[in-house]
1. When the residues of segment 17-53 are filtered to those that are in contact (Cβ under 8 Å) with a residue 40 or more places away in the chain and assigned to a helix (DSSP H, G or I), which remaining residue is farthest from the chain's Cα centre (by Cα)?
2. Specify the residue that is surrounded by the most Cβ atoms within 10 Å (Cβ to Cβ); the eligible residues are those in segment 94-127 that are free of Cβ contacts under 8 Å to residues at least 12 places away in the same chain and charged (D, E, K, R).
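Read-outs: derived from the displayed coordinates by stated rules, not from any lab. Treat the numbers as computed from the prediction; the structure is a model and nothing was measured. In this analysis, Cβ positions are derived from the backbone assuming ideal geometry, glycine residues included, and neighbour counts consider all displayed protein chains.
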Amino acid sequence: MINELPDFQAVKKRFEALPNGARAEIRRAALPEDMAWLSGFYRLFPGERPDERHRRLAFLLPHAKNDPNPKAQSLGSQCSKRISENRVLQIARSDSPLDIVQLRRLLIHIDPALNWSEFGRMIWFWNDKSKRKLVEDFYIAQ
């Protein structure tokens, strides 16, 4: 599975099937790096050796609902209704891990329903291009 993308919808379902304590541990993590010390994290990716991409994904899993509709609104679009442009730009300008921590705070604030196939891909390949897409979606939706 080195060259393949995870099934982000399935990862979200595995997260929702975890015991309450394991989900709470993941939800309370202060940084993506904290995932490496949580048993629930390893249950999300059975048979794999998780890396930074897995940690980012698990860090955000508890804070966005799944909308399996392929035409679900993007995160940037949902932010345009409830978040100031300064906050979105702050995420885009920040470096790791602060950018992911700020993104998690934003998710907690707006409680979005996202298509995890699309959102998971964005987080998996989180880089300047992903951040730019977030900003562009924000402005296009206004």
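1. Applying the filter and picking the extreme gives 33.
2. Only one residue tops the list, namely 105.
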